[in-house]
Amino acid sequence: MREVVAHLTLQQMRLGELLDGLPTMLRAGRDLDRGIRDLAARRAARSTDAQLLELLRASIDSRRTNPSVTAMESLTDTMVHAQDIAIPLGRDLPMPPDAAAAAATRMWTMRWPRPFPIKRTLSGFGLRAADAEWRAGEGPAVEGPMSALLMLSTGRLIALDRLSGPGLPSLSSAVGR
C-alpha cells in the first residue's frame with residue numbers, strides 16, 4: 001500500500017526529483033510500467049508513512065500532470081489506486097459512476113501507453129454498467145456497477161463478484177479465476 005500511495009504522488013515530482021529518478025526509469029528500458037513501479041518503490045523506501053501522506057495530501061488540489069499524461073490518466077489512477085488501498089483494508093470507498101465511466105472509456109480507447117492486456121479478453125464480452133450510461137465490447141452480457149467494470153477494465157479481478165449476466169461464467173474462466 002505504501003508503494004501505491006507513492007505512485008499516486010509521482011505526478012507532483014519537481015524537476016530535481018524527476019532528474020534524480022531518471023536512472024531508475026532508464027534501467028526499465030521500454031517497460032514504462034516497470035519504470036513507474038520501480039520509481040514508486042524507490043520513493044516509498046525513502047519516505048516515512050508521514051512523508052508519504054503529506055505528499056498525497058499536497059496533491060489533492062493539484063491539476064499538474066507529467067509529460068504525456070492527461071487528466072484522464074490521473075482520474076483513472078486516483079480512482080483505481082484508491083480502491084487498491086481501500087479493498088485490502090476492508091473499507092468501502094464509493095466511486096462516482098460517471099467519473100468511473102469516463103475513466104473506463106479512456107482505458108478502452110487509449111493507444112499509448114499500451115492498453116492493459118485484459119482488454120483483448122474483455123472485448124469478447126458485452127460489458128454494461130447498471131448505474132451509468134456505459135457499454136464496451138461485444139458478446140455475452142456482463143453487467144454490474146460502473147466501479148466494478150472500471151476495476152475489471154484495469155485488470156483487477158477483485159470486483160468480479162459484483163458482476164452478473166450470462167457472460168460472467170465464461171468471463172471468469174477466460175480471466176483464469
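The values are calculated or read from the model by the stated rules, or taken from the named source; none is laboratory data. If you're wondering where the values come from, they're calculated on a predicted model, not measured in any experiment. Here the Cβ positions follow ideal geometry from the backbone for every residue, glycine too, while neighbour counts run over all protein chains shown.
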When segment 21-42 is examined, which residues are found to be more than 20 Å from Glu73 (Cα to Cα) and either loosely packed, with under 14 Cβ neighbours inside 10 Å or at pLDDT below 80 (or both)? Gly21, Leu22, Pro23, Leu26, Arg27, Gly29
What residue, among those in segment 44-57 that are at pLDDT below 90 and touching a Ser or Thr at 6+ places or on another chain (Cβ under 8 Å), is nearest to Met79 (Cα to Cα)? Leu56
Check segment 137-148 and report whether any residue there is part of a helix (DSSP H, G or I), under 20 Å from the mean Cα position of the chain (by Cα), in contact (Cβ under 8 Å) with a residue 40 or more places away in the chain and closer than 15 Å to Thr105 by Cα. yes
When you check Arg135 against the structure, is it within 21 Å of His81 (Cα to Cα) and of a type in the set (D, E, K, R), yes or no? no
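Does Asp84 count as in contact with a Leu (Cβ under 7 Å, 6 or more places away or on another chain), within 18 Å of Gly155 (Cα to Cα) and in contact (Cβ under 8 Å) with a residue 60 or more places away in the chain?
When the stated conditions are applied, Asp84 does not pass them.
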Just for segment 149-160: of the residues that are buried (at least 17 other Cβ atoms within 10 Å of the Cβ) and of a type outside the set (D, E, K, R), which one is farthest from the chain's Cα centre (by Cα)? Leu160
Restricting to segment 87-130, count the residues that are touching a Ser or Thr at 6+ places or on another chain (Cβ under 8 Å), in contact (Cβ under 8 Å) with a residue 40 or more places away in the chain and not hydrophobic (A, V, I, L, M, F, W, C). 2
Close pairs (9 angstrom Cβ cut-off, 6 or more residues apart or separate chains): part of a loop (DSSP other than H, G, I, E, B) in segment 149-160, among the hydroxyl-bearing types (Ser, Thr, Tyr) and surrounded by fewer than 24 Cβ atoms within 10 Å (Cβ to Cβ) anywhere: Thr154/Thr76
Looking at segment 58-86, which of the residues that are surrounded by fewer than 13 Cβ atoms within 10 Å (Cβ to Cβ) and in a helix (DSSP H, G or I) is modelled with the highest pLDDT? Ala58
What residue, of Leu89, Leu122, Leu163, is modelled with pLDDT of 95 or more, more than 13 Å from the chain's Cα centre (by Cα) and farther than 21 Å from Ile36 by Cβ? Leu163
